[in-house]
Structure formats: C-alpha cells, structure tokens
C-alpha cells in the first residue's frame, strides 16, 4: 500500500482502564481499524496526563491513579479516516468512556511496509 503524500492523522486520547465489556477500548479500536482496512495503528502509553476533570494520572510508584494515558495514532487517506471516525464515535457516547479525538493533516515522507519472511 502506497502511503506517501498528504494524509490524515487520527489521534485518539483515552485511558488505560477504559473498557468495552472487558476489553480495553484501545484494543477494540485497533481491531476495528484492522477490520476496516486502515493502513496501520499504533498505541502509545503515556506516563503522565490530565484532562477535562483536572485529575493528574501518573505512573509514579505509590501514585493515586493507575489509569494511564493512552494515545492511538492512525494515518491513512482522508476519506478512509473520516469514515472510520464515524464507526468509533459510538464508543465515546458512553459517559464512562472519556476521551479526545483529533484530526490533522500530515505529509508522509517515507513509508515502507515490512514483508515478513515465509
């Protein structure tokens, strides 16, 4: 898949304890992205954050919160990303799931898929 040039970056911020049924929401979103045919997704775990409620989440030993920040990054064609956003918005309609979803234009300079040896 050719991914060079102008694309969209979808970035989803959530917490490590946010779940759909018993599965972390970030896992659900990554599996949905794969099923949707998105080029790829990366999940990053942060060590410290705060958001709308002002509560600090941190990975420090003896910290009050073990709900660490999670960022899911997905880059693909604009039409594909926009359609995918419509499929995941339902996850954030639930008041138990907090989050932030952003889109930005990116210019992909280099992309080469890895071919696994068989």
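The values are calculated or read from the model by the stated rules, or taken from the named source; none is laboratory data. All values derive from a computational prediction rather than experimental measurement. A quick note on method: Cβ atoms are made from the backbone with ideal geometry, for glycine too, and the neighbour counts reach across all protein chains shown.
Data overview
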quantity	calculated
Flag for residue 12 being crowded, with 18+ Cβ neighbours inside 10 Å and outside any loop (DSSP other than H, G, I, E, B)	yes
Test: residue 15 is on the phi > 0 side of the Ramachandran plot, within 17 Å of the chain's Cα centre (by Cα) and at pLDDT 85 or above	no
Where a residue in the range 97-108 is more than 17 Å from residue 50 (Cα to Cα) and its partner, wherever it lies, is surrounded by 13 or more Cβ atoms within 10 Å (Cβ to Cβ), with Cβ under 6 Å and at least six apart	103/8; 103/10; 104/9; 106/7; 106/9; 108/3; 108/7
